[in-house]
Amino acid sequence: MTALSMKEAIFNRRMLICIFTGFSSGLPLFVLYQLVPGWLRDEGVSLAEIGLFSLIGIPYVWKFVWSPALDRFSFPFLGRRRGWMLITQIALLISIGVFGFINPTLNIWSVAYLAAAVAFFSASQDIVIDAYRRELLSDQELGLGNSLSVQAYRISGLVPGSLAFILADHMPWSTVFLVVAAFMAIGIIVTLCIKEAHIAANTPKSLQEAVVLPFKDFIGREGIKSALFILSFLFLYKLGDSMATALQTPFFIDLGFTKTQIGVVAKTASLVAMTVGLIVGGLVMLKLSISRALWLFGFVQIISILGFAALAEIGNNVYALAFAMGFEYLGVGLGTAAFVAFMAKQTNPTFAATQFALFSALTALPRTFANATTGLIVEQIGWTGFYFLCVGLAVPGMLMLFKVAPWHDKEVEGSKEANQT
């Protein structure tokens with residue numbers, strides 16, 4: 001790849017779209033998994049109850065059920081993808097803002113119902129944004145485009161995970177949630193400004209086709225055994241990472257850090273690490289195959305979990321907090337970028353919404369069901385033992401790379417031949 005072509009690959013409108021849509025996609029999830037648990041803990045809700053709140057992520061697991069409808073139907077305005085994006089983003093702006101007007105100690109079920117609604121709208125937005133990005137990018141741009149999207153996705157966590165906690169020390173939670181909800185306006189503005197991506201040929205003509213054809217296409221391309229192996233890999237690769245970050249904010253609170261320290265130290269370190277990851281990861285994904293990125297970034301991802309185990313032993317130390325958070329966001333951000341690029345490459349643009357929803361739903365399974373027990377596990381074995389358990393759970397997914405994405409694969413050999421010509 002020449003310097004000019006690399007410049008064109010990085011600085012173009014498509015990559016800018018990936019950044020802003022990634023931010024809009026990530027914000028609601030971090031509201032549910034960082035802001036809401038921290039808010040509940042601050043209000044005196046038990047760890048066991050907070051852990052069970054992971055079950056509100058069920059829509060992320062089952063989103064492939066209604067994704068065919070998003071592939072098949074469209075609104076009379078904005079188009080097939082942008083219409084659904086606008087509707088879900090407006091719904092998220094409203095529902096996130098309502099959180100702060102509920103007293104969780106008196107109406108915990110109201111919080112649960114509202115969180116489930118936010119999860120549904122968020123999962124629906126993810127379906128459309130993932131499909132739009134797959135239609136927008138060429139195969140050669142998937143690595144960089146998804147890397148930028150993932151980093152922006154992670155950066156969005158600074159709003160509910162950093163800004164919100166800083167504000168919470170100075171104003172009521174009702175105002176905090178309104179401020180966080182207002183950031184969904186970024187996604188709304190982007191949706192109104194962009195154009196529909198290329199419409200793939202042979203799009204589903206009926207709801208039945210939208211349900212059946214994506215599965216037939218995937219199994220037909222991979223074969224039943226390979227397809228099942230790939231699906232198992234998608235479940236296991238992020239298992240340890242997902243569990244390690246499930247109770248991140250309550251973990252910091254239990255160590256005695258103030259909300260301002262969580263907001264400033266932890267999240268500033270995250271921002272610096274993600275900025276480095278954005279530059280390094282994006283450039284690496286231009287030169288490195290997706291398979292090799294899964295190996296390299298996967299090892300960093302596992303090692304980064306040990307940073308939390310060390311923090312649990314060190315205790316209330318702002319420098320240790322900054323290091324642990326910085327390393328985690330660098331490692332996990334890089335690993336997720338390669339992982340999402342791998343998922344995107346497995347999809348057919350014609351059925352992008354349904355296939356991508358199925359793949360990403362499998363990655364959400366551990367975050368939803370396994371994470372529901374994290375509070376109970378921590379109460380039994382402590383924070384240090386919990387993080388060592390997460391490291392062990394991350395190993396099986398790495399071992400599956402020998403079959404799913406071997407170091408010496410056709411993609412790598414093909415890229416070598418292309419560079420020699």
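Below are the figures for this structure:
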{"quantity": "Under the Debye formula (equal points on every Cα, no solvent term), log10 I(q)/I(0) of the stretch 132-196 at q = 0.15 Å⁻¹", "calculated": "-0.63"}
{"quantity": "D_trans [Stokes-Einstein, Kirkwood Rh over alpha-carbon pairs] for the chain, 37 °C, 0.692 mPa s, µm² s⁻¹", "calculated": "152 µm²/s"}
{"quantity": "Per-residue [θ]222 nm for the chain (sum of -39500 (n - 2.57) over DSSP H runs n ≥ 4, rounded to 500)", "calculated": "-24000 deg cm²/dmol"}
{"quantity": "Extension gain, Leu55 back to Gln208 (0.36 nm per residue minus Cα-Cα distance, nm)", "calculated": "52.1 nm"}
{"quantity": "Rg(Cα) / (2.2 N^0.38 Å) computed for the stretch 126-248, rounded to two decimals", "calculated": "1.42"}
{"quantity": "Given charges at beta-carbon only (K, R positive; D, E negative), |dipole| of the chain in Debye", "calculated": "900 debye"}
{"quantity": "When each of Lys63/Lys287; Lys63/Lys216; Lys205/Lys345; Lys63/Lys345 is checked by Cα-Cα distance, pairs over 29 Å", "calculated": "Lys63/Lys287"}
{"quantity": "Estimated inter-spin distance, Ala48 and Trp109, nm [label 7 Å along Cα→Cβ]", "calculated": "1.9 nm"}
{"quantity": "Span from the the stretch 135-161 Cα centroid across to the the stretch 110-134 one, whole angstrom", "calculated": "17 Å"}
{"quantity": "DSSP loop trypsin sites (Lys or Arg not before Pro) with at most 12 other Cβ within 10 Å excluded, longest remaining stretch of the chain", "calculated": "206-421"}
{"quantity": "Accessible surface, per residue, of the chain when the full set of protein chains is kept, probe 1.4 Å, Å²", "calculated": "40 Å²"}
{"quantity": "Rg(Cα)/(2.2 N^0.38 Å) for the stretch 1-156, N = residue count", "calculated": "1.19"}
{"quantity": "Charge sum, other residues only, whose C-beta stays under 15 Å from Ser110's C-beta, Lys/Arg counted +1 and Asp/Glu -1", "calculated": "-2"}
{"quantity": "Heavy-atom accessible surface of the chain: percent carbon and sulfur, 1.4 Å", "calculated": "70 percent"}
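The values are calculated or read from the model by the stated rules, or taken from the named source; none is laboratory data. Model, not experiment: these values are computed from the prediction. Using ideal geometry, Cβ is built from the backbone for each residue, glycine included, and neighbour counts are taken over all protein chains shown. Areas reflect the complete protein model, heavy atoms only, side chains present, ligands, DNA and RNA absent. Shrake-Rupley method; radii C 1.70, N 1.55, O 1.52, S 1.80 Å.
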